[in-house]
1. Translational D (Stokes-Einstein, µm²/s) of the stretch 127-182 at 10 °C and 1.306 mPa s when Rh comes from the Kirkwood sum over C-alpha pairs?
2. Considering only C-alpha atoms, what is the centroid distance from the stretch 243-281 to the stretch 167-183, in Å?
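Every number in this text was worked out from the coordinates using simple rules, so none of it is lab data. Nothing here was measured: the structure is a model prediction, and the numbers come from that model.
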Amino acid sequence: MAVADFVKSARESFRVGWKIESNWTDPVLFATYQVIRPLASLLIVAFIVIIGASVGATSNPSFNYNQYLAWLIVGNAFYAFVLQIMLGMSILVHVDRTRYEVLKNIYISPGTLHPYVIGRGMVSVVNGAVSVILTLLFSVAIFNGLLHMSIPLNLLGVNLLMLIPAVILGVISLLAIGYMLCAVNIVSNRMEFILGDSVSGIFFLLGGVLFPIAILPRYVQPISNVLPITYLLNAVRESFGLYAGSYMSDLTYLGLTTLITLIVGIGVFRLAERRAKKLGLFDRKSEY
């Protein structure tokens, strides 16, 4: 019964979150925004690679930039999960404080905050999934269809048995990190605009989104090796046939980092709840 109530609360929170995310404009403009934002980011990076490769072709003729471009497209596409979840969950508490006050009413009721936070986080997951699919489709249409570049990116040949478990574990780990960002913002009202960008920026730089972590300085590689995004992208690229690694090893490390992140995330969130109760942050409207 408790599980059914939890799922029902999370589902209703998802509906609320979706309406909050999409009610700032009409559906057509909202859909256009969801398409253009990830595609614009990809095209900027992709054309930098294309132009740079054409300039440096004489100095390194053996470099296969078509292969690298496919590797980059997949990494940039699935990075949308990181961006959507980090930004969405980091701003969640601030938006609720300034407009809706849903968290306050849940907190002073017999209920718990967890279903609401998870439901709201799942909205970011759905937005991220849409961005991933559209980015991959438009990439194939532009680079292989329009520009005839013959990038080795076969969307119909993806190994779904490898892709789906990796994405599920990766999303869980990102939601757990989003939990931590929510926890920080529960007890603080000054970090909501920098937390999401800061964490997603670290993942972008050190998670192997644009280049292999092996070319990073050695003193930062240990950080890359404990980030779930690193193993998520490795496993995803292996499912596309773009990474010659050990899928089971990457999936194992992804599962381990996901478990650790989940335990830490829930623990941090509970500490923030207790701290908020002790300080009365949910009792006095002026401080909430």
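1. Values: Rh = 13.3 Å.
It diffuses with D of about 119 µm²/s by this estimate.
2. After rounding, the separation between the Cα centres reads 7 Å.
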